[in-house]
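To start, the structure under review is shown below, and the notes come after it.
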Amino acid sequence: CASLGSCRYAKRAHKYEGRRDALRVLSRLADRSGRLADANRYAAQANLVDDEAFPKPFRISSEEFAAAVEEATNELPDRFRKAAREGNVAILAEPIPDESLLIEEEPPFDPSILGLYRGTPLPERSDGDPGEPDTIHLFQHNLERVSENREELVHEIAITVYHELGHFFGLT
């Protein structure tokens, strides 16, 4: 587990009432520590306890996820794609949010965030040097967790990119 103490408490809670919640926590902790097989096993166990509250996570390979990101971004209006391209915005796919990203703001970001915009919004930019590329981070495992199939995943990716582009355009 990412935190031995957290893992120990979750495993102890797993033995008592609220087992499904403990399984969900164990799944998330295993995911954060890079143990995807364990994360999937705990999620499947939580699903057996309560399939409505804890659907099985939908999983695809990183290559399939990259293809889904491309499909989703192609669904965005042309003016948004053009603005992002001209604004030097890179879209990065990552398995989960890195802890350094989560704690860079106060209060820290929730580890289950779907995406994150990092950069200088258009209204705050000065003319001339475009500087470093802005980035939209998409977190594959979190997006998979809120999707039941590929079609929903592509839809969630599109919504997330659209939301993060809103920050790029200066919206809060």
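Considering only residues that are surrounded by fewer than 21 Cβ atoms within 10 Å (Cβ to Cβ) and out of contact with any Lys or Arg (no Cβ under 9 Å at 6 or more places or on another chain), look in the range 132-144 and name the one that is farthest from Ser62 (Cα to Cα).
Glu132
Quick one: is Ile159 modelled with pLDDT of 95 or more, out of contact with any Leu (no Cβ under 6 Å at 6 or more places or on another chain) and open to solvent by 70 Å² or more (accessible area, probe 1.4 Å)?
Answer is yes for this residue.
Anything in the range 1-27 that is over 20 Å from Ile96 (Cβ atoms), modelled with pLDDT under 70 and open to solvent by 80 Å² or more (accessible area, probe 1.4 Å)? List them, or say none.
Scanning the range 1-27 gives Arg8, Tyr9, Lys11, Arg12, Lys15, Tyr16, Glu17.
Within the range 28-61, can you find the residues that are surrounded by 20 or more Cβ atoms within 10 Å (Cβ to Cβ) and hydroxyl-bearing (Ser, Thr, Tyr)?
Residue satisfying the conditions is Tyr42 alone.
Applying the selection to the range 145-156, what residues are within 17 Å of Leu76 (Cβ to Cβ), in contact with a helix residue (DSSP H, G or I) (Cβ under 7 Å, 6 or more places away or on another chain) and open to solvent by 10 Å² or more (accessible area, probe 1.4 Å)?
Glu156
Is the range 36-49 home to any residue that is farther than 20 Å from Val154 by Cα, modelled with pLDDT under 80, among the hydroxyl-bearing types (Ser, Thr, Tyr) and out of contact with any Cys (no Cβ under 6 Å at 6 or more places or on another chain)?
The answer is no, given that none of the residues of the range 36-49 is farther than 20 Å from Val154 by Cα, modelled with pLDDT under 80, among the hydroxyl-bearing types (Ser, Thr, Tyr) and out of contact with any Cys (no Cβ under 6 Å at 6 or more places or on another chain).
Kindly indicate which of Ala68, Ala72, Ala93 is open to solvent by less than 70 Å² (accessible area, probe 1.4 Å), touching a strand residue (DSSP E or B) at 6+ places or on another chain (Cβ under 8 Å), farther than 23 Å from Arg24 by Cβ and small (Gly, Ala, Ser).
Every option except Ala93 fails the conditions.
Being at pLDDT below 85, loosely packed, with under 11 Cβ neighbours inside 10 Å, of a type in the set (Asp, Glu) and part of a loop (DSSP other than H, G, I, E, B) narrows it down to one residue among Asp129, Asp110; which is it?
Testing whether each residue is at pLDDT below 85, loosely packed, with under 11 Cβ neighbours inside 10 Å, of a type in the set (Asp, Glu) and part of a loop (DSSP other than H, G, I, E, B) leaves just Asp129.
The values are calculated or read from the model by the stated rules, or taken from the named source; none is laboratory data. Bear in mind the structure is a predicted one, so any value in this text is a computation, not a measurement. A quick note on method: Cβ atoms are made from the backbone with ideal geometry, for glycine too, and the neighbour counts reach across all protein chains shown. To get the accessible areas, we keep the full protein, side chains included, count just its heavy atoms, and leave off ligands, DNA and RNA. Shrake-Rupley method; radii C 1.70, N 1.55, O 1.52, S 1.80 Å.
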